[in-house]
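Encoded as structure tokens, the structure appears first; notes follow it.
Coordinate-derived values only; no laboratory data. A quick note: this is a predicted structure, and the numbers were derived from the prediction, not measured. FYI the Cβ positions are ideal-geometry reconstructions off the backbone, even for glycines, and counts take in every protein chain you see.
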Amino acid sequence: MKTMEWGPVVHLPFLPRLFPMSCTLVKEDDGLTLIDACMGPMSKAIAETISQTGLPLTRMILTHAHGDHIGAVNALKKLYPDAVVGISRRDALLLKGDRGLLAGELQSPVRGDVPKRAPFTPDFLFEDGERIGSLLAIATPGHTPGHMAFMETRTNTLIVGDAFSTKGGIAVSGHMKLSFPFPALATWHGPTAIESARKLAALQPARLVVGHGSPIENPVSAMDEAIAAAERYWRKKAAL
């Protein structure tokens, strides 16, 4: 595993050729924040990277409740028992295995690898606009109802979970690409994901870090193109 670094941000990619997934460490004054936790087998490599920084793991925050983003939480919690775990207030329900939809939410089935029962209990919940150290939490519903992204405000690095993917070409969550269909297959509501993608592109990030695929530097034009392609995709589906 070859990490990538942008100042205080350390990106950890796994299985780039087979089924790419990633997590991100952010150095803060009080230690490290881990964004997403991939799957259980990755916990050792994550811990090794944490050790190399010389900083303690202070917290883990999750973009959403799918298994390939929360899988190593329990193993890491055993290694770092003082680290607290956070997830959005909305996806905390998915974490408990509750796929039910709230009043006002579009009535489309929640998809993807949602736990049947809670694998762990989060220590704190957060919502849109909250600050977690240098990170700004951004509500990006679509892939799941409570999906979140995070802007690392010192480096303008946008860490988006599955709101976008770049394996097989950049795509908004829900836009089916045969070259890498898995994020689309696990998406709750594609048109909502497009609205969230527009919100993210408007932030003018310096780089885009995704859960599945390689980061993109100066990504705004690529994000805009992906949004336009997703709009065409959903218009075509609606016309069938």
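Side notes on the structure shown:
- For GLU195, GLU28, the sequence from fewest to most other C-beta atoms within 10 Å is GLU195, GLU28.
- Estimated distance in nm for a label pair at ASP113 and GLU127, the labels positioned 7 Å out from Cα along Cα-to-Cβ: 3.1 nm
- Taking PHE150, PHE14 and counting other C-beta atoms within 10 Å, the order from fewest to most: PHE14, PHE150
- Within the straight-line cut-off of under 16 Å between alpha carbons, the aspartates and glutamates reachable from LYS177 are ASP162, GLU225, GLU231, sequence neighbours fewer than 8 places apart in one chain being disregarded.
- The length gained by stretching the chain between ASP29 and LEU102 to full extension, at 0.36 nm per residue less their Cα-Cα distance, is 22.6 nm.
- A simple spin-label model places the labels of LEU185 and ALA45 2.2 nm from each other, with each point 7 Å out along Cα-to-Cβ.
- For the chain, adding -39500 (n - 2.57) for each run of n ≥ 4 DSSP H residues and dividing by the number of residues yields -7500 deg cm²/dmol at 222 nm.
- The order of TRP188, TRP234, going from fewest to most other C-beta atoms within 10 Å of their C-beta, is TRP234, TRP188.
- Overall, the anisotropy analysis places region 52-163 in the oblate class: the square-rooted eigenvalues a ≥ b ≥ c of its C-alpha gyration tensor yield a/c not less than 1.5, with a/b not exceeding b/c.
- Dipole-positive endmost among THR3, PRO41, ILE87 within the chain (Cβ charges, Cα centre): PRO41
- On the beta carbon distance between LEU240 and ASN218, with R0 = 45 Å, the FRET formula returns roughly 0.80.
- Nearest 10 degrees, 0 to 90: helix 43-53 Cα axis against the chain principal axis: 60 degrees
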